[in-house]
1. Scan region 397-410 and tell me whether some residue there is crowded, with 17+ Cβ neighbours inside 10 Å, more than 24 Å from His12 (Cα to Cα) and among the polar types (S, T, N, Q).
2. Just to be sure I understand the filter: pairs with C-beta atoms under 6 Å, separated by 6 or more residues or on different chains, first member in region 337-359 and in the same structural domain as Arg404 (by TED's automatic domain parsing), second member assigned to a loop (DSSP other than H, G, I, E, B) and β-branched (Val, Ile, Thr). Which pairs pass?
3. So which residues in region 81-121 are among the polar types (S, T, N, Q) and either touching a residue at least 24 places away in the same chain (Cβ under 8 Å) or outside the structural domain of Arg280 (by TED's automatic domain parsing) (or both)?
4. Tell me yes or no: at least one residue of region 276-285 is among the hydrophobic types (A, V, I, L, M, F, W, C), surrounded by fewer than 20 Cβ atoms within 10 Å (Cβ to Cβ) and assigned to a helix (DSSP H, G or I).
5. Any chance region 530-539 includes a residue that's farther than 20 Å from Pro392 by Cα, among the aliphatic types (A, V, I, L, M) and surrounded by 15 or more Cβ atoms within 10 Å (Cβ to Cβ)?
6. Just the residues that are out of contact with any Cys (no Cβ under 9 Å at 6 or more places or on another chain), over 18 Å from His57 (Cα atoms) and without any contact (Cβ under 8 Å) to a residue 40 or more places away in the chain, please, taken from region 370-412.
7. Please count how many residues of region 335-360 are touching a helix residue (DSSP H, G or I) at 6+ places or on another chain (Cβ under 6 Å) and either assigned to a helix (DSSP H, G or I) or crowded, with 21+ Cβ neighbours inside 10 Å (or both).
8. Output the residues belonging to region 455-473 that are over 20 Å from Ser530 (Cα atoms) and assigned to a helix (DSSP H, G or I).
Amino acid sequence: MKKAKPIYAIGHRNPDTDSICSAIGYAHLKQAMGENVVAARAGKVNEETKYALNYFHMEKPRLITDLYPRVKDIILDVKTVVKETESLRRLGEVMRENDLKSVPVVNKDEQLVGIVTVSDLARRYFKELSMQNLADTGISFRDIVKVIDGEIIVHGDEGSKVRGNVRIAAGSKEMIAEVVQAHDIVLIGDRSAETLLACLDRDIDGMIVTGNGRISPEVMEAAEAAQKIIISTPYDTYTCARLINQCVPVKRIMQKSLVSFKPLDLLSDIKGTMDEHNFRNYPVVENGKLIGLISKDMMMLPERERVILVDHNERGQAVEGIEEAKVLEIIDHHRLGGIQTSEPIFTRQEPVGCTATIVANMHWHRDVDIPPSIAGLLLSAILSDTVLFKSPTCTPYDKKTAERLAEIAGVDIMDYGMAMLKAGSGIGDMSPMEIAKNDMKEFQIGDYRIIVSQISVMDTQEVMSMEADLIHAMSTICKKEGFDMSLVMVTDIIEEGTYLLYTGSPKTLIGEAFHKDASGTNIYLPGVMSRKKQIIPPLSEAVKRIN
């Protein structure tokens with residue numbers, strides 16, 4: 001029985017504080033309502049968000065780099081395996097009792113060492129038409145006793161390995177002398193003491209009396225004196241011979257050259273391998289241990305990941321493979337983008353400064369209490385997205401929600417807000433490429449694919465001194481990933497303004513949108529702090545004009 005997979009509440013790539021904290025907050029709401037929703041993230045946690053998480057003693061959400069179907073999504077639990085040392089008879093019983101066509105084989109450490117199929121057993125059956133030399137199989141007399149439901153009448157070294165062939169004793173003493181060799185095991189029915197003694201004279205290692213045949217005291221004494229084993233079995237000679245062949249260990253017939261997969265292998269990557277080999281089942285192995293099985297039939301309808309998108313609704317900003325997932329809900333405060341769904345979904349879009357404002361009020365509307373730690377994270381998101389209420393995106397609704405959350409979290413808004421923004425304002429050891437991708441979001445504006453990143457700092461010159469390296473990193477991103485333009489907002493939290501760096505084309509778009517000379521690589525935009533409200537709308541209008 002497969003365990004039900006969770007639903008992931010997940011933000012956009014290159015997540016900011018709102019993306020992370022709203023995912024955690026919304027997962028809490030859904031869990032309180034009895035749904036198995038887990039917070040997730042699509043990228044690295046920035047320093048500002050780390051500060052908030054640490055301050056309120058919360059763990060980072062689970063990292064999910066893509067939503068493409070993987071082996072783990074279709075794996076079936078392995079309920080039945082056999083040990084490599086178990087007998088073919090036991091294997092047959094396992095297959096019959098569980099109606100199986102193939103069974104994985106493991107060693108004593110539960111590591112996968114092979115797989116055995118009905119075809120392997122069938123091939124062994126045809127070999128059984130003649131008695132096999134068991135000397136190289138490693139089986140012992142104890143194994144034989146077990147498989148033929150035998151009883152030891154005269155004891156010897158039951159743990160010793162079989163050294164010869166299994167012979168069926170019939171005919172006169174002379175015939176026995178010609179057929180039976182030293183170290184053989186002799187199958188013999190209800191025959192005279194003279195015949196049994198003749199077999200013992202050939203220096204056999206053991207004797208199996210079939211059909212619960214009589215054994216005279218004279219024969220038993222001779223066997224004890226020679227330290228030979230005598231076993232009695234209820235089966236007839238023919239059946240006994242068949243059963244002895246079945247005490248061969250599974251490892252003698254199993255397939256050792258395995259085609260196996262790992263849980264994180266992409267289904268698209270393994271399809272070709274399956275087509276090439278066309279086996280019935282394929283083991284799934286992790287750290288050498290068998291954890292499940294998959295078959296080609298299971299590839300037809302893999303279980304899709306179920307997700308709730310928070311703080312975004314555009315495919316270009318979503319985690320890789322979003323088209324392979326089932327989107328259940330969208331909770332956001334941005335413009336409507338390009339996500340398409342196959343069926344109606346629940347959406348909550350509000351023109352507020354932060355997704356966390358929506359998430360907090362959804363708790364209260366549904367009479368779900370917000371714990372102090374969750375309240376603190378939702379507050380952090382609002383303070384981050386509205387830059388301590390200075391952003392033009394901030395609404396009275398955001399501010400009122402933040403005040404209520406601060407009371408629950410037990411923090412002073414301004415003191416905590418400044419400390420959090422300061423924690424995230426330094427660039428530390430960030431490389432130009434990391435700055436160029438910080439809080440990066442992709443937009444389709446007219447015919448142009450444009451990425452806009454933003455970094456909020458208290459000292460803009462710390463970033464602007466790296467301008468040449470930043471422009472090079474931005475150009476590299478455009479060339480490698482096929483964007484028309486790359487923009488980076490270097491936002492001054494204290495002065496409430498933004499240096500806008502840009503590369504790519506058309507540069508006239510920048511000049512037209514902001515009515516500035518855009519012949520260089522940056523312009524200064526006083527009073528600009530919001531990408532959503534002060535950068536994207538002017539660019540969208542400018543595209544219409546220049547086209």
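The values are calculated or read from the model by the stated rules, or taken from the named source; none is laboratory data. The shown structure was predicted, so the numbers you read here are calculated from the model rather than taken from an experiment. Reconstructed Cβ throughout: ideal geometry from the backbone, glycine too, with neighbour counts over all protein chains shown.
1. Looking for residues that are crowded, with 17+ Cβ neighbours inside 10 Å, more than 24 Å from His12 (Cα to Cα) and among the polar types (S, T, N, Q), one finds none in region 397-410, hence no.
2. These pairs meet every condition: Val352/Thr395; Gly353/Thr386; Gly353/Thr393; Gly353/Thr395.
3. Thr85, Ser87, Ser102, Asn107, Gln111, Thr117
4. Checked against the condition, which is being among the hydrophobic types (A, V, I, L, M, F, W, C), surrounded by fewer than 20 Cβ atoms within 10 Å (Cβ to Cβ) and assigned to a helix (DSSP H, G or I), region 276-285 yields no hits at all.
5. No, region 530-539 contains no residue that is farther than 20 Å from Pro392 by Cα, among the aliphatic types (A, V, I, L, M) and surrounded by 15 or more Cβ atoms within 10 Å (Cβ to Cβ).
6. If the condition is that a residue be out of contact with any Cys (no Cβ under 9 Å at 6 or more places or on another chain), over 18 Å from His57 (Cα atoms) and without any contact (Cβ under 8 Å) to a residue 40 or more places away in the chain, then Phe389, Pro396, Lys399, Lys400, Glu403 are the ones that fit.
7. 8
8. Of everything in region 455-473, those that are over 20 Å from Ser530 (Cα atoms) and assigned to a helix (DSSP H, G or I) turn out to be Glu462, Glu467, Ala468, Asp469, Leu470, Ile471, His472, Ala473.
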